[in-house]
Amino acid sequence: MPLATFLRTWLASIVGCLPLFALLLIPELMRSRAGSGQLLMIGMFALLALLVAAFIAAPVMSAIAAPVADRWTARSALRATRAVWRVRTAQAWLTLVVALLIYAAGQAVGYWVGAVVPSVSDNPAFGTDESEARWLIDYPAYALQAVAIYAVTTLAIAWYGWRIRTLALALTGAGARSASP
């Protein structure tokens, strides 16, 4: 059942990407108004590294969530993914592009949530007391925005892992059919 497989893959992505969620929940690393420029740069590099790692690990998370004996396991997922990229390059690129579009949609959803429930406001005490922070972070609103972004980001990662799984199984299924007499 493809929907059940996808949902299991998404659940595995939600669990497997918890370091990304932890990063998203730290406003000083994710918002220029919450911390310094240096912290923001550290946060952006960490975000990029975690996203790249998540997309690389997506097939493995898919294999853990929905294995197929001797064809799609945690041990064979990366090898099968390389085969998909080698044999079905155009479909693999299309899969990655669609996943990145889903990720971009997640950023738009996060922006929308931030517009509906603002997480940053001016600090009225800043003008009279220079030791006060310039901006106030409403952490519950910030966390809501992070949850929305995380949900769609893991959806993108899960979609990539699920689609690569589908392509890999079709590839190994075709190879198995051509090898049999």
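The values are calculated or read from the model by the stated rules, or taken from the named source; none is laboratory data. None of these values were measured; they are calculated from a predicted model. Note: ideal-geometry Cβ built from the backbone for every residue, glycine included; neighbour counts use all protein chains shown. Accessible surface is based on the protein model in full, side chains and every heavy atom, while ligands, DNA and RNA are left aside. Shrake-Rupley method; radii C 1.70, N 1.55, O 1.52, S 1.80 Å.
Structure summary
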| quantity | calculated |
| --- | --- |
| Matching residues in region 127-140 - criterion: being out of contact with any helix residue (DSSP H, G or I) (no Cβ under 9 Å at 6 or more places or on another chain) and either open to solvent by 80 Å² or more (accessible area, probe 1.4 Å) or among the hydrophobic types (A, V, I, L, M, F, W, C) (or both) | Thr128, Glu130, Ser131, Ala133, Arg134, Trp135, Leu136, Pro140 |
| Val152 modelled with pLDDT of 80 or more, in a helix (DSSP H, G or I), open to solvent by 40 Å² or more (accessible area, probe 1.4 Å) and not acidic (Asp, Glu) | no |
| Odd one out for Pro124, checked against (1) over 23 Å from the mean Cα position of the chain (by Cα); (2) open to solvent by 70 Å² or more (accessible area, probe 1.4 Å); (3) in contact (Cβ under 8 Å) with a residue 60 or more places away in the chain; (4) more than 22 Å from Gly16 (Cβ to Cβ) | (3) |
| Number of the exception - Arg134 against (1) closer than 19 Å to Leu169 by Cα; (2) touching an Asp or Glu at 6+ places or on another chain (Cβ under 8 Å); (3) of a type outside the set (Ser, Thr, Tyr) | (1) |
| Pairs, first hydroxyl-bearing (Ser, Thr, Tyr) in region 59-82, second surrounded by fewer than 17 Cβ atoms within 10 Å (Cβ to Cβ), C-beta under 8 Å, six or more apart | Thr73/Pro67 |
